[in-house]
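What follows is a set of notes on a single structure, which appears directly below.
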Amino acid sequence: MTALTQLPFDAKEQRVVLPSVTWQQYESLLATLEDYPGLRLIYLEGTLEIFMPSPEHEMLKKVIARLLERYAEEVDIPLHGYGSTTFRREAKARGLEPDECYCVGSLKELPDFAIEVNLTSGGVDKLAVYQGLGIPEVLMWQNNKLTLYDLREGHYRETNCSYFFPALSLQLLAQYVQPEAQPQAIQEFLRAVRSQKS
């Protein structure tokens, strides 16, 4: 796919949005580009976003994932990581690879909980994709803050309390989203969690 290098990627996000893409074209691109490192495809009802995450994006999603995973270990929540596996549903004309995602308790066909990092606006509406896939909770980092979306009655609503991590303070978690100081931030976060438990 040498034509991919000629697409008009935005310099900040390295993304291109293509309208009028069929499901078959989306699946063909997934198969063709599956070994292209770091490339993500997001599909919503005929619109395809091709996205190459920046180092900042990857560091943010990794530190959030590490904090959440260490929290789950600390409070004994069984967490199964799916990473950034591709999930898609042709009937809903939706597909994406979450930044990170998990099943809680036991492995399932689709994750219970996803993490998304949005550094700029624009592109495909990821929450609309998640809604069509039926992912119960999405934790989104945007504008230097965390927002949790809970899928109830067929649409997402903002919430401060996770069904899967009921005692987790999102405000506390957000304080330790420090990509440049991951080891120290994780240690300090765990100390804060332990002090809340005692």
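Given the structure, is Gly38 on the phi < 0 side of the Ramachandran plot and free of Cβ contacts under 8 Å to residues at least 24 places away in the same chain? Quick ask: steps written out before the conclusion?
Working: on the phi < 0 side of the Ramachandran plot: no; free of Cβ contacts under 8 Å to residues at least 24 places away in the same chain: yes.
In short, no.
Can you find, within region 6-58, the residue that is modelled with the highest pLDDT among those that are farther than 18 Å from Ser121 by Cα and of a type in the set (A, V, I, L, M)?
In the first step, residues of region 6-58 are kept if they are farther than 18 Å from Ser121 by Cα; the result is 6-7, 20-39, 45-46.
Applying the additional criterion that residues be of a type in the set (A, V, I, L, M) yields 7, 21, 29-31, 33, 39.
Values: Leu7: 38, Val21: 97, Leu29: 94, Leu30: 93, Ala31: 92, Leu33: 88, Leu39: 90.
Only one residue tops the list, namely Val21.
Considering (1) under 18 Å from the mean Cα position of the chain (by Cα); (2) under 17 Å from Ala65 (Cα atoms); (3) part of a helix (DSSP H, G or I), say which one Thr147 fails and leave the rest.
That leaves (3) as the condition not met.
Just checking, how many residues over region 55-107 are assigned to a helix (DSSP H, G or I) and polar (S, T, N, Q)? Let's see the steps before the verdict.
Just the residues of region 55-107 that are assigned to a helix (DSSP H, G or I), to begin with: 55-74, 90-92.
Those left that are additionally polar (S, T, N, Q): none.
Count: 0.
For residues that are assigned to a loop (DSSP other than H, G, I, E, B) and under 17 Å from the mean Cα position of the chain (by Cα), tally how many sit in region 41-54. Spell out how you get there, then give the answer.
Narrowing region 41-54 to residues assigned to a loop (DSSP other than H, G, I, E, B): 45-46, 52-54.
Imposing the further condition that a residue be under 17 Å from the mean Cα position of the chain (by Cα) reduces the set to 52-54.
Selection size over region 41-54: 3.
Restrict the check to region 110-131 and report whether at least one residue is farther than 24 Å from Pro53 by Cβ and not small (Gly, Ala, Ser).
We begin by selecting, within region 110-131, every residue farther than 24 Å from Pro53 by Cβ; these are none.
No, region 110-131 contains no residue that is farther than 24 Å from Pro53 by Cβ and not small (Gly, Ala, Ser).
Could we say that Phe165 is over 26 Å from Pro55 (Cβ atoms), touching a strand residue (DSSP E or B) at 6+ places or on another chain (Cβ under 9 Å) and either in contact (Cβ under 8 Å) with a residue 24 or more places away in the chain or not basic (Lys, Arg) (or both) here? Steps first, please.
Numbers: over 26 Å from Pro55 (Cβ atoms): yes; touching a strand residue (DSSP E or B) at 6+ places or on another chain (Cβ under 9 Å): yes; either in contact (Cβ under 8 Å) with a residue 24 or more places away in the chain or not basic (Lys, Arg) (or both): yes.
Yes: the conditions hold for Phe165.
Write out, first by first residue and then by second, each pair whose Cβ atoms fall under 7 Å of each other, whose residues are 6+ apart or on separate chains, and whose first residue, in region 169-182, is under 19 Å from Arg194 (Cβ atoms) while the second is among the aromatic types (Phe, Trp, Tyr) and in a helix (DSSP H, G or I).
Tyr176/Phe189
Out of Gly95, Gly81, report the one residue that is touching a Lys or Arg at 6+ places or on another chain (Cβ under 7 Å) and either surrounded by fewer than 20 Cβ atoms within 10 Å (Cβ to Cβ) or not aromatic (Phe, Trp, Tyr) (or both). Before you say what the answer is, go through the steps one by one.
Details: Gly81 fails: touching a Lys or Arg at 6+ places or on another chain (Cβ under 7 Å).
Exactly one of Gly95, Gly81 is touching a Lys or Arg at 6+ places or on another chain (Cβ under 7 Å) and either surrounded by fewer than 20 Cβ atoms within 10 Å (Cβ to Cβ) or not aromatic (Phe, Trp, Tyr) (or both), namely Gly95.
Do you know which residues across region 95-110 are in contact with a helix residue (DSSP H, G or I) (Cβ under 9 Å, 6 or more places away or on another chain) and either over 19 Å from Met59 (Cα atoms) or of a type in the set (A, V, I, L, M) (or both)? Can you show your working first?
Looking only at region 95-110, we keep the residues that are in contact with a helix residue (DSSP H, G or I) (Cβ under 9 Å, 6 or more places away or on another chain), and these are 95-96, 98-100, 102, 104, 110.
Across region 95-110, the qualifying residues are Gly95, Leu96, Val104, Leu110.
The values are calculated or read from the model by the stated rules, or taken from the named source; none is laboratory data. Note that the structure is a prediction, hence the values are computed from the model and not measured. Note that we place each Cβ from the backbone using ideal geometry, even for glycine, and neighbour counts take in every protein chain shown.
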